[in-house]
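The values are calculated or read from the model by the stated rules, or taken from the named source; none is laboratory data. All values reported here derive from a predicted model rather than from experimental measurement. As a convention, Cβ positions derive from the backbone with ideal geometry for all residues, glycine included, and neighbour counts pool all protein chains shown. Just the protein is used for accessible areas: all its heavy atoms, side chains included, with ligands, DNA and RNA removed. Shrake-Rupley method; radii C 1.70, N 1.55, O 1.52, S 1.80 Å.
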Amino acid sequence: GAFHDSGRKYDGPKCQARTRNAILAMINTWLSGEQRDCGMLWLYGPGGAGKSAIAQTISQLCYERGVLAASFFFAKGIPGLNTEKHLMATIAHQISLSVPETRRFIAQAVESDPAVFQGTLETQLNTLIVNPLLLAFAERRPSARRPARLVVIDGLDECQGANVQRYIVRILSTALIHRRVPLFILVSSRPEPPIRDSFNSYDLRELITTLVLDDAYLPDAEIKRFLWTKFDAIKAAHPLRTYIPPAWPSPQMVHALVQRAAGQFIYASTVVRY
C-alpha cells in the first residue's frame, strides 16, 4: 500500500496538467544534475499545499522513464503506513525490481540473516539497501545503462513519533554522506520541528536541497487553471449538465474561490469534489 501506484491510491492526488510546472522542472533539474552523483531534496510546505500530488506525479514520471528506484507514501490514518516498521523492507523490495543487479545481493543478505527485518532501521538500511547497491555498482560495466536512482518518501511527518522522523532523516543522510550510496532521495513533509531541525543540522547543509511550496511558485494562477479545467469537465460530463448555464461559473466566482483557497490546493480540490 505504500507504492506510488498502489491499488489503495486508485484516485490518489496528482498534479493537474500544466500546474506545478516550475516545481517539477526544479526537481528534474536536481535529479539530472551533473555536478554530483547523489543527494537529498526536502520538499516542504503546509498541509494542503500539494506536496503529495507533486510526489505522486514525480514518482509516476520517473517510473515511466525508468529512473524511479522506490517510493514510500506514509499515511497517518492507515495501520502499517503510519509507522517506520515496513519502510526499509518495502524500499528494498522495489530496488530489487528496479535495479535487478541488486537482487541476488539482497537475497543473500536475507538468507544469511532472516532476522534482519527485526533489526534497527539503520541495520536494515545498510544490509538490505546500501550494501547490495554498492556491490551491484562495483560490478557494473562502465558502458552499462544508468540504473534507477530516485527514492521518494512522502509524508514523513505522518510517520508516528518525532524521534523516528529525526532518525530516518539521519540514517538516510549518513548513507549518502559516508557510504556514498548512489541514490537521490526526495523527502516531502510538513515543516514539523523534528524534521526541520534534522535537515537544518550543520553537517547536512551541503548535501540537502530544499524546496518550499510558497507564493514564489504562483499557486493562485495554478489553482485558477485547475478550477477552470475541473468546471469544464463538470459541464461536459455531469448527469445534469443540460441544466448548467453556459456562463457557469462566472469569472467572479472563480476569482472568489482562488482568493479563499489562499494558495492551498486542498481547498480547491474539496470545492470541486463537492
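Quick notes on this one:
- MRE, 222 nm, helices only [DSSP H, n ≥ 4, -39500 (n - 2.57), over the chain, to nearest 500]: -13500 deg cm²/dmol
- Positive dipole terminus of the chain, leading residue within 258, 119, 200 (C-beta point charges): 258
- For the chain: rounded, prolate or oblate by the Cα gyration tensor [a/c cutoff 1.5]: prolate
- Mean projection of the Cα convex hull over all viewing directions, computed for the range 218-273: 3.6 nm².
- Among 163, 82, 131: highest mean-square fluctuation, GNM of the chain, C-alpha pairs under 10 Å: 163
- Largest GNM mean-square fluctuation across 136, 261, 233, computed for the chain with C-alpha springs under 10 Å, falls on 233.
- Charging the Cβ of each Asp and Glu at -1 and of each Lys and Arg at +1, and nothing else, the dipole of the chain about its Cα centre rounds to 660 debye.
- A cut-off under 11 angstrom between Cβ atoms defines the neighbours of residue 136, and their net charge, with Lys, Arg +1 and Asp, Glu -1, is +1.
- Global form of the range 146-274, assessed from the alpha-carbon gyration tensor, a/c cut-off 1.5: prolate
- Cα gyration tensor shape of the range 18-138, rounded if a/c is under 1.5, else prolate or oblate by comparing a/b with b/c: oblate
- In order along the range 72-82, the phi-based Karplus estimate (6.51 cos²θ - 1.76 cosθ + 1.60, θ = phi - 60°) of 3J(HN,Hα) comes to 9, 10, 5, 9, 4, x, 10, x, x, 10, 10 Hz; Gly and Pro are listed as x.
- Accessible area of the chain belonging to carbon and sulfur atoms, whole % at 1.4 Å probe: 55
- Sequence-separation-based contact order of the chain, relative, with Cα cut under 8 Å and 6+ spacing, percent: 27
- Sorting 237-244, 221-228 by average packing, meaning the other beta carbons within 10 Å per residue, from highest down gives 221-228, 237-244.
- Under 5 Å between amide hydrogens, built in the peptide plane, is the criterion, and for residue 209 it picks out 40, 41, 42 among residues at least 5 positions away or on other chains.
- Gain on full stretching of the segment that runs from residue 141 to residue 112 - 0.36 nm per residue minus C-alpha separation: 7.7 nm
- Cβ-Cβ FRET estimate between residue 266 and residue 197, R0 fixed at 25 Å, reported to 0.05: 0.45
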